[in-house]
Each structure stands twice: as C-alpha cells, then as structure tokens.
Amino acid sequence: MPSLRVATWNIAGARLGGGGPVDLAAAVAGVRALDADVIALQEVDRELARSGRQDQPLAVAEELAGTPGGEWSWSFAPALVGDDFRPLTGPDPGGPAYGNVLLSRLPLEAVEHLRFPSAGVGEQRTALVGTVRVGSRPVTVAAAHLSNRHGYNARQLRVVQEAMAGRAAPRVLAGDLNLPSLALGFASRRGWPESVRGATFPSSRPAQQLDHVLRNDPAAVLRVRGGRLVAGPVSDHRALVADLEVAP
C-alpha cells in the first residue's frame, strides 16, 4: 500500500530556542532529517534583516532537492512583508517577507494561498492548499499557521477546512494551528481527527500540543501507521511527523 509521510514544524525563523541567534544551516538540517514526503513549515523568513537577509524558503527547498529522489515542489505564502512587517494586501512583491512554506517530494499541483486578516493586534496569517498524487490517488494537502488569539483561530481553521472540502478526498491538514487538542475538538468541523497526539510546545519542556496533522477521509482510504515528535536544533516548537498509508 502506498505511504505518505507528512510533517509540520514551526521553525521560528530558524532561531535557536525560538528567540536566539539565527542558525539556518541547523534548521535546514532539521527539516531534511524529518525525511517526509509533504512538509509544512511556519514562521519562515525571506530576506529579512533580522535573519541576515537569508532566503530561508529557497535554502530549504535547495537542500531537499539534493536528497535522493530530489524533485521537490514548493510554495511560499507570505503573510507579512518588509522589515516593518506590514500585512500583505496584494500579490507577493518579492523581497523581505515572513510566512509559510508547503514542500512536497511529490508534484504539487493547483496551489492556492489563503490569507486571513489580522486578528485585532495579532499578525496576519496564511495557509496553502494543494494537491499531490499518491500512486493514482489525488490527496489534498494543506499547510497552515493560525492566529494565537482564541476565536480567531477557530474561525480560520474552519475557513481552511471549507476550502479543502471543495477538493479531492482524502485531505490532510498540517500546521501550527495554535489550538490545544481539547479546543481543537470543539473548533474543528466534523470528520477531521488528529493523526498523532503529543505535546509540541514549548520544545524544551512540551506542555501542550499546538501543532497538528489532521485528516479528512470520508472513504476511509487513509490508515495511520505511526507518528513521532522531533525536537529540532532550532525553534520553540517540536516537529510532528505522521506516517500514513493510502489505499490505491
């Protein structure tokens, strides 16, 4: 049966401990070590002064392209642009930005960027939705970073799930949803169980799970084979990895 390994990791701009110096090489190595087929990354900096003008999305993508079977697809969805972190209101202008990345070892098709308004004093957030093929079966995949303000994150979660509902099933949503498991159960639409349970934040002494891999599988073609939590070399979040089987 074909397999699909999905990972999510908030890399906190590749900063040590989430707030220390930037170590992009360590972050890139951490992403590579996840050895996943689909990877959702949050808090990724592109050419920002605070991270030494490094293009983090490109650096990660180029590193993965050097792995065996290295034909990787990827898309970056900026939420904030400029060194003053302005909400993005139009097309991506290039240059300094901060946002999410969706990467796939499988060809990534029909990628859509979703953009959520800022939650009052909170920052604007984004999500990406696309399609991959596992064997002959299309699978909808999404990467999201939701607000850390309660209520806003629940509404954003439902927007992402609604956008995915218009695409092929099964569907897999990965990201920093900023919702612990209990709150997630109330906020989520029906039929979106978690694939892996375990505390992911803060990385040094995890006390709650904010990072999730959800699945929506009306035809029951996905099977969870296992999962793991990974304490990476940077960030204040642990990575979450789910191993899935996909029926042909």
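Applying the Karplus relation 6.51 cos²θ - 1.76 cosθ + 1.60 with θ = phi - 60° to the stretch 137-146 yields 3J(HN,Hα) values of 9, x, 10, 7, 10, 8, 10, 9, 10, 9 Hz, where x marks Gly and Pro. Between residue 92 and residue 65, the modelled labels are 1.4 nm apart [label points 7 Å from Cα along Cα→Cβ]. Taken about its Cα centre, the chain carries a charge dipole of roughly 840 debye when the Cβ of each Lys and Arg holds +1 and the Cβ of each Asp and Glu holds -1.
Taken one residue at a time, the phi angles of the stretch 197-206 give Karplus couplings (6.51, -1.76, 1.60, θ = phi - 60°) of 10, x, 5, 10, 9, x, 4, 5, 9, x Hz. Gly and Pro are set to x. In this simple spin-label approximation, residue 219 and residue 16 carry label points 7 Å from Cα along the Cα→Cβ vector, and these lie 5.0 nm apart.
So if R0 is 41 Å, what FRET efficiency would residue 32 and residue 186 give, r being the distance between their Cβ atoms, rounded to the nearest 0.05? Result of the calculation: an efficiency of 0.70. Going from the residue with the fewest nearby Cβ atoms within 10 Å to the one with the most, 147, 203, 3 rank 3, 203, 147.
Subtracting the Cα-Cα distance of residue 3 and residue 228 from 0.36 nm times their residue separation leaves 79.4 nm of extension gain.
Net charge near residue 58: determine it from the other residues with C-beta under 14 Å of the C-beta of residue 58, scoring Lys and Arg +1 and Asp and Glu -1. Computed value for this residue: -4.
Using the Karplus relation 6.51 cos²θ - 1.76 cosθ + 1.60 with θ = phi - 60°, the per-residue 3J(HN,Hα) values for the stretch 176-192 come to 8, 8, 6, 9, x, 4, 5, 5, 4, x, 7, 7, 6, 5, 5, x, 10 Hz, with x marking Gly and Pro.
Only the coordinates and a few stated rules stand behind these numbers; no lab work does. Computed from a predicted structure; not experimentally measured. A quick note on method: Cβ atoms are made from the backbone with ideal geometry, for glycine too, and the neighbour counts reach across all protein chains shown.
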